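In what follows, a single structure is set out as structure tokens and then discussed.
The values are calculated or read from the model by the stated rules, or taken from the named source; none is laboratory data. Remember, predicted model here, so these are calculated numbers, not experimental data. In this analysis, Cβ positions are derived from the backbone assuming ideal geometry, glycine residues included, and neighbour counts consider all displayed protein chains. Heads up: the accessible areas ignore ligands, DNA and RNA and are worked out on the full protein's heavy atoms, side chains in. Shrake-Rupley method; radii C 1.70, N 1.55, O 1.52, S 1.80 Å.
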Amino acid sequence: MLDSFEILSTSGVVLWSKTYVPIGANVINSLIKDIFIEERAGAAIDEDIAQKPTYKKEGYTLKWTTAKDLGLIFVAVYQSLIHLSWIDKLLDNVRALFTELYRDDLKKRNTTSFKCNFEPYFDRQVQELEKLDGGSSIAAQSSTSNSAAELTPPSTSSGADEPPPPPLPLLKAAGQKTFSEHAPSTDSTPIPTPDTSRPASPAVSHLLQAKQRPTSRRARKAASVAANSAPASSGDESPMYKSQTLRAKKARKWDANGMADEEDDTVLDYSSAGRGDESSKDAGPTSGVEAVSSSSWGTRTGKGEFVLKELDDEMDSIISSANAKKASSAEASGSSGLVGSSLGAITGLFRNVVGGKTLTKEDLAKPLKGMEDHLLNKNVAREAAVRLCESVENDLVGKKTESFTSIETTIRTSMETALRKILTPTTSLDLLREIQSVTAPSSSFLSSNPSKPRPYVLSIVGVNGVGKSTNLSKIAYFLLQNRYRVLIAAADTFRSGAVEQLRVHVRNLKELVTREGGGAEVDIFEKGYGKDAANIAKEAVDYAAKEGYQVVLIDTAGRRHNDQRLMSSLEKFAKLANPDKILMVGEALVGSDSVQQARHFNEAFGKGRGLDGFVISKCDTVGDMVGVIVSMVHATGIPVVFLGVGQHYGDLRGLSVQWAVRLLMQ
Amino acid sequence: MNQRLEDLLTKAWGPSLPVIIVTAIVALLLPILVHTFLYRARTPTSLPSFLLVGPSGSGKTSLLTVFENGSPAPTHLSQTPSTVQVQLPPSTKADSQKYRSEHDPTAKQRPKFLIIDTPGHGKLRNHAFEQLRKPQPHLKGIIFVVDSASLSSDTPGRSAAGLTEAAQYLHDILLLLQKRYTGAKSSKGPPELPVLIAANKLDLFTALPAQLVKSALEAEITRIRTTRAKGLLDSAVKDETLEEEREWLGDGGEGKFEFGQMEEVNVPIKVVGGNVIGADGSDISGWWEWIGEQL
Ligand SMILES: Nc1nc2c(ncn2[C@@H]2O[C@H](COP(=O)(O)OP(=O)(O)OP(=O)(O)O)[C@@H](O)[C@H]2O)c(=O)[nH]1
Ligand SMILES: [Mg+2]
């Protein structure tokens, strides 16, 4: 069973929603965050080619589709326990309906307010799809206030004078409830209305027009006429029901043979509607219909069926025309006559120069291939390059190029945006601030008893020979410059010479520190070879806490990311040493292996723990081929914290996204 | 008598009356036409505008809907910026109309302006920064929305993540505004660009009152600007320019950062509390007032 369906704009406003069971706003928020903004590749998405992607969160399954030209997202939420096969179809149909019905309203600029009465369409869609599916009916469950349906006795028709129907009352009248399914046969209520001129399946434009026009004057006049000529109404009949009836009558104009057996009732209702309308005149032109209590919707099942018929026809025509449009545009881009194609080519060329061309997949294919090759040349892993190109394609298909912009330029701009988005970290990376808040908790006014200071623990992992120890020393140097007391733990108990190498670094650093003075201090914590690295790390942290070191930097043994045995020991390491930050060092030189490296390390620390960032070493050796930065971030969604740019202790930099994007696009 | 006068006039005014009339009409109408044409063409952009910034979930988009419609609409994370045209409510007076009498008909015209909402997610803040980087002659102010309930920390001594995030974002915005001033060509500097810090969600009982929001943000920015100054250079910086690139928000001293320091760079900052959503409806009158003052 569907829990909720929302239609929202990319600017963040919910345009329309229907909730069967309330769900937290955070469910959809995390869909937007993980899928649309952070584009997490592995974020609980089931990729099933035949179906729309799904996203799972807190026991809910979310499916979505988008209308890019209007900036809309359609999201359906239901419980993961239930399998709903018709959601894909629902999303497609709703998208077609919604965009066709309200295209003009949605294109209005400089406003967020958007009013529509989409409910009947939606309910009907759900109902139909469910029926097709033979599954449980939401309608039955949700139409709680429809109990009155069978209570209204059929009345006899008097064939009373028919006031002209108000323009499209149905659409105004927002029905909260779905129509009851156990309706009496619709054929039993024919109503002769020869004077109406509306077609049975009204065009969309009609609907929109009618919607915008105040319901009022004609309807009100008609209503008062009816009120004068008809007996007093029962009062609690709803005007909304009334309007359905009228609509139904209109629809039945061709049916002139039977006596309408509910005519009387109709008139009564109408008069009451009219009165309501009259009395609430100053509440606005549409209030008469809109103010109707939603619970009355669907009380008259027989008539409801009529309305539904019409609604169905209308919806079908909208959906099929939308589909036809899609098909024809696909066809047009594919096959056309010789003249047509050459003409198309010329205008296409022209458009390409002048702009204003609507982009199709085919237009984009070639330049995107070029872009992909360009990225590969910059040492971006193929997987990442393909994904970036896909996201650019997704971004652009269906869009118009701006004036005087070629496709290539458009792609370039879009690619720059995509790169910037992927490289920009979600939260700011201020290592010093983090260290400060752990080691010297401020006794701010918000808290009377500051928490106890403890050492900040940072550890470094990576494959063999990428420069773990070197970068660790650079980080140590950076911290020493900021007057921290640093303890370096030699937890590489595996490779011979590793401890000695660190010792040399520490000696060098000590020298630099004494030259510069200040409160900085650096020492090494070592326990020789062969011992368990996780235990050494733990001991180092305890030792640092006791001796008043502020930062512990833990060097670990290099390991191949596909070495099961060594990788699995990282989990214990993370548990025992419990580092505040785990950074992985990757070489700027590495090629497509970078993606796998990043993934494997990210998953090695067990549930709930992953990498916190990357250090990309040897950036000075690759010139502008800094693609590894993109590959690693692409694989994991984890930011690049440091770049190693040279042989000196001071050659450590933060990542400037602007700079990286510039190099990559050169 | 009459005849003679006419003769005289005809002679005096030259060749023929029609020419005179036509010339006169053209002379009179042309400026009007040109004015209306230019004015028309420029109206969409010439409305004063305000920029809505702040961390994700602080209530910017909700506030936008309240500004426009008077009641909040449900919202989710924003991915794209949006611009909305808003009219000052009758209860608030624009500064420019303060001294007009109640009966002055122009006083009844509620000024219109644009509000530009930006996404607050860390990856999408570029939209906001772009707005501030390019010169914006119509930008009348910046509204920085913070979720006051996210600023207090559960672990004593540690700044709440919400506070750090808000302060970092605010720091970056203010730094950009400061650069705008120091980088300006003219000796007078750019025009004043006021900032309103809208302490939102005061309806929640965990929320800090506006005064505490102010001091919490100031204290956190003090910390941030010191660590920023000591932090690593980023990769874009060439070695030759090593130290010049360092940016320091506010005045040069190592002491406490205060919003008042920004007035030196023509950025007056005000902190006003309110709530977009709440049991008793929304209370955004203080923010309306601030907007009124800028118009
Ligand atoms: N209690 C309370 N909740 C509020 C208030 N203002 C906003 N909210 C809620 O805060 C949440 C986030 O609001 P948004 O307006 O979407 O946040 P935003 O600032 O636009 O976030 P981004 O678009 O991601 O930048 C919504 O669920 C609002 O209902 C308030 O004054 N009080
Ligand atoms: Mg928003």
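Kindly work out what percent of the DSSP beta bridges joining two residues of segment B:47-294 are antiparallel, to the nearest 5.
Numbers: 7 of 27 bridges.
Given both bridge residues lie in segment B:47-294, the antiparallel proportion sits at roughly 25 percent.
Any chance you could run the full-extension gain for B:THR182 through B:HIS138? It's 0.36 nm times the residue separation minus the Cα-Cα distance, nm to one decimal. Intermediate results must be reported in sequence, preceding the final value.
Numbers: separation 44, 0.36 × 44 = 15.84 nm, distance 2.01 nm.
Between B:THR182 and B:HIS138, full extension yields 13.8 nm more.
Hey, could you get me the Stokes-Einstein D for segment A:358-423, Kirkwood radius over alpha-carbon pairs, 4 °C and 1.567 mPa s, rounded to whole µm² s⁻¹?
Numbers: Rh = 11.8 Å.
Result for D is 110 µm²/s.
Whole angstrom only: what separates the Cα centroid of segment A:472-540 from the Cα centroid of segment A:50-76?
50 Å
Take A:ASP69, project a point 7 Å from its Cα along the Cβ direction, then tell me which residues of segment A:402-444 have their backbone nitrogen under 17 Å from it.
Taking a point 7 Å out along Cα→Cβ of A:ASP69, the residues of segment A:402-444 whose backbone N falls under 17 Å are A:402-403.
Would you please name the chymotrypsin sites (Phe, Trp or Tyr not before Pro) within segment B:245-277 that are DSSP coil residues with at most 16 other C-beta atoms within 10 Å of their C-beta? Numbers along the way, then the final one.
On the way: sites: B:TRP248, B:PHE257, B:PHE259; in loops: B:TRP248, B:PHE257.
Within segment B:245-277, the qualifying chymotrypsin sites (Phe, Trp or Tyr not before Pro) (loop, at most 16 other Cβ atoms within 10 Å) are B:TRP248.
To the nearest 0.05, how large is the calculated FRET efficiency for A:ARG495 and A:GLN596 if R₀ is 25 Å and r is the Cβ-Cβ distance? Kindly include the intermediate steps, with their values, before the conclusion.
Numbers: r = 22 Å, r/R0 = 0.87.
For A:ARG495 and A:GLN596, the calculated efficiency is 0.70.
Probe radius 1.4 Å, ligands and nucleic acids left out: can you give me the accessible area buried at the A-B interface, summed over both chains, in Å² to the nearest hundred?
4400 Å²
Please tell me which of these pairs span more than 22 angstrom C-alpha to C-alpha: A:LYS527/A:LYS607; A:LYS107/A:LYS400; A:LYS56/A:LYS325?
Details: A:LYS527/A:LYS607 29 Å; A:LYS107/A:LYS400 15 Å; A:LYS56/A:LYS325 33 Å.
In this structure, A:LYS527/A:LYS607; A:LYS56/A:LYS325 lie more than 22 Å apart at Cα.
At 0.36 nm per residue, and after removing the present C-alpha to C-alpha distance, how many nm does the segment from A:GLU402 to A:ASP563 gain when stretched out fully?
Values: separation 161, 0.36 × 161 = 57.96 nm, distance 5.09 nm.
Taking 0.36 nm per residue and subtracting the Cα distance, the gain is 52.9 nm.
For segment B:47-294, with equal point scatterers placed on the C-alpha atoms only and solvent neglected, what are the log10 I(q)/I(0) values from the Debye formula at q = 0.08, 0.09 1/Å, to two decimals?
The Cα Debye sum returns log10 ratios of -0.32, -0.41.
Please give, to one decimal in nm, the separation of the simple spin-label points placed at A:ARG503 and A:ASP373, each 7 Å out from Cα toward the Cβ.
With each label point 7 Å from Cα toward Cβ, the separation is 5.5 nm.
Past the 24 Å Cα-Cα mark, which pairs from A:LYS468/A:LYS510; B:LYS93/B:LYS256; A:LYS33/A:LYS572; A:LYS474/B:LYS123? Intermediate results must be reported in sequence, preceding the final value.
Numbers: A:LYS468/A:LYS510 19 Å; B:LYS93/B:LYS256 36 Å; A:LYS33/A:LYS572 31 Å; A:LYS474/B:LYS123 28 Å.
Violating the 24 Å limit, Cα to Cα: B:LYS93/B:LYS256; A:LYS33/A:LYS572; A:LYS474/B:LYS123.
Quote the FRET efficiency, to the nearest 0.05, computed for A:ASP313 versus A:ILE82 with a Förster distance R0 of 35 Å and r equal to the Cβ-Cβ distance.
Numbers: r = 31 Å, r/R0 = 0.88.
Once the sixth-power term is evaluated, E becomes 0.70.
Only protein chains counted, 1.4 angstrom probe. Which residues of segment A:10-39 are at least 30 Å² less accessible in the assembly than when their chain is isolated?
A:THR10, A:SER11, A:GLY12, A:VAL13, A:VAL14, A:ASN29, A:ILE32, A:ILE37
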